[in-house]
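Report on the following structure.
We did not get these values from a lab; they are worked out from the coordinates using the rules stated. It should be emphasised that the depicted structure is a prediction, and the values quoted were computed from it without experimental measurement.
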Amino acid sequence: MTTTDDASRWTELLEDAAAIAEEFRDNGWDAVVLEPKAVAPIDCEERIGFDVGVSDEEYDLVESLIDGGDVTVTAADVYYRPPESDDEGRIALVVERDENTETAVFVPLRYDLEDEATRSVFETALAAEEVFVHVTPTEAAGATTDDEPANWVSFTHNDPSLFLEEADVRNW
C-alpha cells in the first residue's frame, strides 16, 4: 500500500541519503547514491531478498565498482525508519562501505510487510540470519524465470532484524 505519506517519507529518505553522502564526500570518501525506480521482494532459485531496480547508468557504476574488484564492502549501516502509522510501508537506507578505499554505496529501500512476498522474504531471512539486497537494472527488478536479469550486484546483511521493528521480529 502506497499513501501520500509514504511518498513524502520516500522523498525525505532520498534527500537524507544525498545529504549523508555529501558528508561522506566532505570527509574524502567516494559516495554513490542510488535512486531506486523499483524495490521488489524476490524469491527464486537464483536469489532471495530484495531487488533494487536502478537506472542502467547507476547499475553500471555499482557493477564496475564491486564486480571490478576495486571495492570490497567491509561494513554496512542500516538506517531503518519506523512507520508513523500501521498503514505505512517501511523504508530504510543501507550504506555499503569499503573502509580501505573509502567508498560508500547508498541503497534506499522501501517495502510493505502487508505484502505476502515481502513477509516471506523476511521470514526466510530471519531464519537464515541474513538478508540480501540485489541491485539490478530497473526493468529486471523482481523478475523471475525467463525475465531473470543476466547480472545483479548483491550485498548481504547478517542481521535482518535491522530492517524491521522489534515487534515484527517477535511476531515471527
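Using C-alpha pairs under 8 Å with a sequence gap of at least 6, the mean separation divided by the residue count of region 12-57 gives a relative contact order of 28 percent.
The C-alpha atoms of region 4-171 occupy a region whose extents along the principal axes are 41, 37, 30 Å, arranged from largest to smallest. The relative contact order of the chain, computed from alpha carbon pairs under 8 Å that lie at least 6 residues apart in sequence, is 27 percent.
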